[in-house]
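Presented below is the structure to which this report refers.
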Amino acid sequence: MASTRRVAVVTGSNKGIGFGIVRGLCKTFNGDVYLTARNEGLGRKAVEDLKKEGLNPLFHQLDISDSTSIQNLKAFLQKQYGGLDVLVNNAGIFKDESDAPFAEKVEETLKLNFWDTLAVCEVLYPLLRPHARVVNVGSIYSTMAFGRCSDSLKAKISNPNISMDQLKDLMRDFEAVAKAGTVEENGWPKWAYHVSKIGVRVMSYIQAKAFAHDSSRPDIIVNSCCPGSVHTDTNYNGTKTIDEGAVTPLYLALLPPNVESPKGEFVCEKVVEHWPS
Ligand SMILES: NC(=O)c1ccc[n+]([C@@H]2O[C@H](COP(=O)([O-])OP(=O)(O)OC[C@H]3O[C@@H](n4cnc5c(N)ncnc54)[C@H](OP(=O)(O)O)[C@@H]3O)[C@@H](O)[C@H]2O)c1
């Protein structure tokens, strides 16, 4: 029989900010904490490292690009816990500095940061219990990218009534113009990562709104956030430690029951940020 114990899952947490989030949850979350990784060896090594600190994370394999892997995690959570209480979608990549053609960088970056993250949500959201908290790790680069978008794109991105289908169309449009080599002519900035994080931010807003209307599962909250500039394998110039980078994601993952705000927001340093006008 499934346990009624509360459970938290962090994607891409064998290293970097995700590892810091797992460390923080192990210290503060009242329930089981799953460190997940696409590479089982790296994941188990990370779990052992935290055990040496006296913490007790658990491990489950999760490759967010592999639908079978996501389904396996879902089946496991369903069987062991009968639900899910905290989901931190942290796994992400930054390829803008590579020498690959721009269209390739866009395809790879949007695939993982937007489409695969969305796939995790679509599979795991049915498991979320009342009062669950979801944190989608975005970036302040979404604000920078928004600033460089055409007025027409800005209006679509910040439209309070935007639907998930409309967001998907926007992301597909960016991929298409990247392939055609006409990104700037079509009003987009030439940044793959930044635009992928516009996708994460708007996705979180739309999902939060949908949960606000789900009377069968009250008080499920989705937010996105920027961890700040954190020194990791993705950002050698980052100035924060991974534990400092984990502060805002942890704040959102541990929002107390029935808070009024933040809900569906983009949060930096624990403060809500809006699209610039
Ligand atoms: N560092 C910053 O300054 C900064 C700033 C703003 C936002 N962020 C965001 O913070 C998040 C974490 O970044 P980080 O700086 O901690 O980067 P990181 O140290 O490179 O960690 C990224 C994590 O994502 C995992 N990952 C990649 N592809 C995956 C997949 N298909 N399935 C599951 N996991 C996968 C990596 O696993 P492997 O070890 O197997 O590659 C790794 O565990 C990202 O979403 C990033 O965009 C970072």
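What the table shows:
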| read-out | value |
| --- | --- |
| Alpha carbon centroid spacing (whole Å) that separates segment 124-139 from segment 225-277 | 15 Å |
| Using θ = phi - 60° and Karplus 6.51 cos²θ - 1.76 cosθ + 1.60, couplings along segment 53-62 (whole Hz; Gly, Pro as x) | 8, x, 9, 9, x, 10, 10, 9, 5, 7 |
| Solvent-accessible surface (1.4 angstrom probe) belonging to Trp115, in square angstrom, nearest 10 | 60 Å² |
| For Val9, residues with placed amide H under 5 Å, excluding near neighbours | Tyr34, Val86, Leu87, Val88 |
| Angle between the chain longest axis and helix 40-52 axis [Cα atoms, degrees, rounded to 10] | 60 degrees |
| Rounded to 10°, Cα long-axis angle of helix 192-212 versus longest principal axis of the chain | 60 degrees |
| Estimated vicinal HN-Hα couplings, Hz - segment 157-164 in sequence order (Karplus 6.51, -1.76, 1.60; Gly, Pro = x) | 5, 9, 4, x, 9, 4, 9, 5 |
| Convex hull volume of the chain per residue (C-alpha atoms, cubic angstrom) | 125 Å³ |
| Sites Gln61 and Asp243 - FRET efficiency at Förster radius 22 Å, r taken between beta-carbons, to 0.05 | 0.35 |
| Note, ³J(HN,Hα) from phi for segment 131-143, Karplus 6.51, -1.76, 1.60, rounded to Hz, x at Gly and Pro | 6, 5, 10, 10, 10, 9, 6, x, 7, 5, 4, 5, 5 |
| Spacing of the two label points (7 Å from each Cα toward its C-beta) at Arg44 and Thr68, in nm | 1.9 nm |
| Accessible carbon and sulfur surface of segment 1-140 relative to its total accessible area, %, 1.4 Å | 49 percent |
| Cα→Cβ-extended label distance, 7 Å offset, between Ser261 and Phe76, nm | 3.8 nm |
| Distribution of pairwise C-alpha distances over segment 90-222, 10 Å bins, in % | 12, 43, 31, 11, 2 |
| Segment Arg172-Leu254, extension gain: residue separation times 0.36 nm, minus the distance between their alpha carbons | 26.2 nm |
| Exposure ranking of Lys52, Lys74, Lys27 by accessible area [1.4 Å probe, largest first] | Lys52, Lys27, Lys74 |
| The chain: calculated mean residue ellipticity at 222 nm from DSSP helix runs of at least 4, using -39500 (n - 2.57) | -13000 deg cm²/dmol |
| Accessible area (Å², per residue) of the chain, counting only protein heavy atoms and a probe of 1.4 Å | 46 Å² |
| Exposure rank, largest accessible area first [Arg148, Arg5, Arg133; 1.4 Å] | Arg148, Arg5, Arg133 |
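The values are calculated or read from the model by the stated rules, or taken from the named source; none is laboratory data. Values in this document were obtained by computation on a predicted structure and should not be read as measured data. Please note: Cβ atoms are built from the backbone with ideal geometry, for glycine as well, and neighbour counts cover all protein chains shown. Accessible surface is based on the protein model in full, side chains and every heavy atom, while ligands, DNA and RNA are left aside. Shrake-Rupley method; radii C 1.70, N 1.55, O 1.52, S 1.80 Å.
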